[in-house]
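Heads up: the structure comes next, in structure tokens.
What follows is calculated from the coordinates using simple rules that are stated; it is not laboratory data. Note that the structure is predicted; figures quoted are calculated from it, not measured. Because the Cβ atoms are built from the backbone with ideal geometry, glycine has one as well, and the counts that use them run over all protein chains shown.
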Amino acid sequence: MTAKPLFLLTDPAHYEVSYVINPWMAPGEWSRDRARHQAAAREGFLALKVALEAAGAEVRVMKGVAGLPDLVFPANAGIVLDRRVLVARFSCVERQGEEAVFLQEFEQLKREGLFTAVGIFPQGVFQEGAGDCIWDKTRRLFWAGFGQRSVRASLDVIEKFFEVPVVPLELISPRFYHLDVCFLPLAGGEVVYYPPAFSEASRARIRTLVPAELLIEASDGDAAAFSVNAVNFGRSIIMARPPERLKKILEERGYEVTAIDLAPFMMSGGGAYCMTLRLDRSRDVDTPAAGHQIRAAAGAA
Ligand code: ARG
């Protein structure tokens, strides 16, 4: 277990917006000025990497592959917990070629000793990784989205593989096609969510499990700015440039918000969280601070 949070990112050399599998994707806009968007994507990627490292994380970068532009969103590659990874099954043919690439990367991580087990969803059981399955360290459970890209049947597979509780959340809007664009549990126990993305029953479920004082409602503007799609560890939150209102709410609760320009990735329907996959996610230790506390409590510090 590394002391620093460890994130996987994908180099954007082969990133482009060349097809439409969600309502945000704009291949026409991309192709009008490819070179400029490519350069801006490289810049946004580097800014994200620098922000993660500045906040105390370690970053591992894998290579991109020509013809698989959405490899830059490794959150969709798989679900990780306690050194076990469950590899995604993509629902759109455009992304299915990514499965073998990510599988190879995870097998490599297993050879390096970082993972102890690599599983994969059964054929036809679509599930798009940590984009639709988000660990909540406060409640020690997974929140799992279904209804858009991931299927309801994937939830049983997750529960069996990791042996942790999985709370189903039904996504009802094609604009919010992954859980990570409308739902963000924070290290302090707060949950940021965008209510219109969820079925009435799922909204009720969220309100039952998260006390009102910890629930933060994202506005249409926050959601459209991909600010809910943020990376958080400890007090650090890294997100695509948020509306001032949301930034203020988070800062008032003691978080440090780093805002970066991710416009070229938003043109594909993604923000900061989905450009990363946390590799050292564990049910017991989530942040270096928590690690120190645990070591101190055990008398080993
Ligand atoms: N173009 C990608 C897709 O539609 C964007 C994925 C963003 N990932 C995420 N976890 N939200 O699949």
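Here are the numbers:
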{"quantity": "Local net charge near PHE161, Cβ-Cβ under 12 Å (Lys/Arg +1, Asp/Glu -1)", "calculated": "-2"}
{"quantity": "Using a Förster distance of 45 Å, the FRET efficiency for GLU213-VAL61 (Cβ separation, nearest 0.05)", "calculated": "0.70"}
{"quantity": "More than 19 angstrom apart: percent of Cα pairs within the stretch 113-189", "calculated": "35"}
{"quantity": "Cα gyration tensor shape of the stretch 10-102, rounded if a/c is under 1.5, else prolate or oblate by comparing a/b with b/c", "calculated": "oblate"}
{"quantity": "Cα-based convex hull volume of the stretch 166-260 per residue, rounded to whole Å³", "calculated": "91"}
{"quantity": "Dipole magnitude (debye, nearest 20) for the chain, charges at Cβ of Lys, Arg, Asp, Glu", "calculated": "340"}
{"quantity": "Stretchable slack from LYS110 to GLU251, in nm (0.36 nm times residue separation minus alpha-carbon distance)", "calculated": "47.0 nm"}
{"quantity": "Selected from GLY113, LEU209, TYR273, residue furthest toward positive end of dipole (the chain; charges at beta carbon)", "calculated": "GLY113"}
{"quantity": "Cα-only radius of gyration and Dmax that characterise the chain, units Å", "calculated": "17.9, 60"}
{"quantity": "Filtered trypsin sites (Lys or Arg not before Pro), the stretch 1-84: DSSP coil and at most 12 other beta carbons within 10 Å", "calculated": "LYS63"}
{"quantity": "Antiparallel DSSP beta bridges within the stretch 1-98, percent to nearest 5", "calculated": "45"}
